[in-house]
Amino acid sequence: MAGPLDDLLIVDLSRVLAGPYATMVLSDLGARVIKVERPGLGDDSRHIGPFKSDAEGGEQSAYFASINRGKQSIALDLKDAGDKAVFEALVARADVLVENYRPGVMAKLGLGWDVLHARHPRLIYAAASGFGHTGPDSQKAAYDMVVQAMGGIMSVTGWPGGKPTRVGTSVGDITAGLFTVIGILAALHDRARTGVGQFVDVAMLDGQIAILENAVARYAVTGVAPGPLGARHPSITPFAAYACDGGHIVIAAGNDVLFGALAAALELPGLIGDARFASNSARTDHADALADILEARLASGPPAHWLARLEAAGVPCGPLHDVAQALAHRQVRARNMVIETAFPDGTPLLAAGNPVKLSAHDDPQRRPGAPGLDADRDAILKELGL
């Protein structure tokens, strides 16, 4: 597909989510991605639901199809001499190799970074793994849930006193995928200057530490590990979800001017003269008392009523959407963030769009579908002259 990266060939050995998410982003930006899968089984995510039946009564994974759209598939057993030769012929043409095996697996196959770099100096080798290729835990296996727990994200998610709560999306995998894309693009830029590829090492655990942001700052200053606060911000108030009559809205009044506008819109002039709410720091110290006052007022009307008043006053606010409502929202649709792709058999599938909008390139509403397992073998072998 046309895009800023349409001169690049990515050989994708990754599976499930972190690596495939990275190569999906690269594919959406135009790169050609050839997915190398296990014969007979393919990517593990082909066997993870939700499923849709195909015309022959088989099951197709929507999980797989949504993340692997626009890619090609060839099934290769890298322990087989013939298949290994096909793989090496692919790598010889590739700009980037992406894999998310446990460190050391590729080296055992004779296809580690040192070997491939010596043969193909321009190749960029990107490895996304649970714990990275260095350090005492590099050989441990990891899934998203493991790194969410170890990386501190779960400790600041949920409500005080509640059970440990996983972030509602696979933020461990997705963050690693995005950082892998950043690393690949940085390495490509460097290669344009030096002519030499490099090894990109991204760990899921590292990614979780990197996105702790305010939690790290709070710990650095106070020496106390922060805990969960439910739906409110730890350092900005009011910046939370508040109950109305029949629902909730989010209010994010991030400075004194916006707080004054909020007080006026809600017809609560007493807030301005109250010493407890005279500054953001004071409001944060008295966040519960302020929430009680705001919710007592908001209880007199439904979410739509208050959103209209707050928006008219210029106060940042929004409705609390479920996934269906979010996908149907006019701004989401206007930004082409709900696109159509397809299952391997061609059945249409709605999916999330590409959030990177580039002025010089189209952002098509329809994206090529996900490949069937080994569907592109013949075309790839012919291209390679094998």
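The values are calculated or read from the model by the stated rules, or taken from the named source; none is laboratory data. What you see is a predicted model, and the numbers here were worked out from it, not measured in a lab. Please note: Cβ atoms are built from the backbone with ideal geometry, for glycine as well, and neighbour counts cover all protein chains shown.
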Complete set of residues in the range 56-76 that are of a type in the set (D, E, K, R) and in contact with an Asp or Glu (Cβ under 9 Å, 6 or more places away or on another chain): Glu56, Arg69, Lys71
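Limited to the range 249-264, what total is found for residues that are farther than 15 Å from Ile236 by Cα and either surrounded by fewer than 19 Cβ atoms within 10 Å (Cβ to Cβ) or of a type outside the set (A, V, I, L, M) (or both)?
Of the residues in the range 249-264, 2 are farther than 15 Å from Ile236 by Cα and either surrounded by fewer than 19 Cβ atoms within 10 Å (Cβ to Cβ) or of a type outside the set (A, V, I, L, M) (or both).
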Answer residue from the range 68-82, given it is without any contact (Cβ under 8 Å) to a residue 60 or more places away in the chain and crowded, with 16+ Cβ neighbours inside 10 Å and is farthest from Leu205 (Cα to Cα) among those: Leu76
Set Ala2, Ala62, Ala55: member being closer than 28 Å to Glu383 by Cα and either of a type outside the set (Gly, Ala, Ser) or in contact (Cβ under 8 Å) with a residue 60 or more places away in the chain (or both): Ala2
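Would you mind stating whether Ala253 is closer than 24 Å to Gln325 by Cβ and either modelled with pLDDT of 95 or more or of a type in the set (Gly, Ala, Ser) (or both)? Walk me through how you get there before you give the answer.
Working: closer than 24 Å to Gln325 by Cβ: yes; either modelled with pLDDT of 95 or more or of a type in the set (Gly, Ala, Ser) (or both): yes.
In short, yes.
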Hits in the range 1-23 (condition: among the charged types (D, E, K, R) and surrounded by fewer than 23 Cβ atoms within 10 Å (Cβ to Cβ)): Asp6, Asp7
Criterion: closer than 30 Å to Gln365 by Cβ and small (Gly, Ala, Ser) - qualifying residue of Ala107, Ala92, Ala128: Ala128
Subset of the range 85-118 that is closer than 30 Å to Asp137 by Cβ and of a type in the set (D, E, K, R) - its residue that is surrounded by the most Cβ atoms within 10 Å (Cβ to Cβ): Glu99
Any chance Leu327 is surrounded by fewer than 16 Cβ atoms within 10 Å (Cβ to Cβ) and either at pLDDT 95 or above or not in a helix (DSSP H, G or I) (or both): yes
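Please verify whether Ala342 is over 19 Å from Ala231 (Cα atoms), out of contact with any Phe, Trp or Tyr (no Cβ under 7 Å at 6 or more places or on another chain) and touching a residue at least 40 places away in the same chain (Cβ under 8 Å), treating the condition exactly as stated.
For Ala342, the condition - over 19 Å from Ala231 (Cα atoms), out of contact with any Phe, Trp or Tyr (no Cβ under 7 Å at 6 or more places or on another chain) and touching a residue at least 40 places away in the same chain (Cβ under 8 Å) - is met.
Among residues belonging to the range 335-379 that are among the β-branched types (Val, Ile, Thr) and crowded, with 18+ Cβ neighbours inside 10 Å, point out the one that is nearest to Lys35 (Cα to Cα). It would help to see each step written out before you state the result.
To start, the set of residues in the range 335-379 that are among the β-branched types (Val, Ile, Thr) comprises 338-339, 341, 347, 356.
Next, only the ones that are crowded, with 18+ Cβ neighbours inside 10 Å stay: 339, 341.
Details: Ile339: 22, Thr341: 17 Å.
Taking the candidates together, the pick is Thr341.
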Out of Ala186, Ala217, sole residue that is in a helix (DSSP H, G or I) and closer than 30 Å to Val315 by Cα: Ala217
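Only one residue in Pro319, Pro348, Pro269 is in the same structural domain as His47 (by TED's automatic domain parsing) and not β-branched (Val, Ile, Thr). Which one? Give the steps one after another, and end with the answer.
Details: Pro319 fails: in the same structural domain as His47 (by TED's automatic domain parsing); Pro269 fails: in the same structural domain as His47 (by TED's automatic domain parsing).
When all the criteria are applied, what remains is Pro348.
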Residue within the range 221-242 that is in contact with a helix residue (DSSP H, G or I) (Cβ under 8 Å, 6 or more places away or on another chain), outside any loop (DSSP other than H, G, I, E, B) and either farther than 30 Å from Gly104 by Cβ or not hydroxyl-bearing (Ser, Thr, Tyr) (or both) present: yes
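Please state which one of Asp173, Asp245, Asp201, Asp190 is crowded, with 21+ Cβ neighbours inside 10 Å and among the acidic types (Asp, Glu).
Working: Asp245 fails: crowded, with 21+ Cβ neighbours inside 10 Å; Asp201 fails: crowded, with 21+ Cβ neighbours inside 10 Å; Asp190 fails: crowded, with 21+ Cβ neighbours inside 10 Å.
Within the list Asp173, Asp245, Asp201, Asp190, the selection yields Asp173.
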Residue pairs meeting the criteria (Cβ under 7 Å; at least 6 apart or on separate chains; first assigned to a helix (DSSP H, G or I) and at pLDDT 95 or above, in the range 189-213; second among the acidic types (Asp, Glu) and surrounded by 14 or more Cβ atoms within 10 Å (Cβ to Cβ)): Met204/Asp173
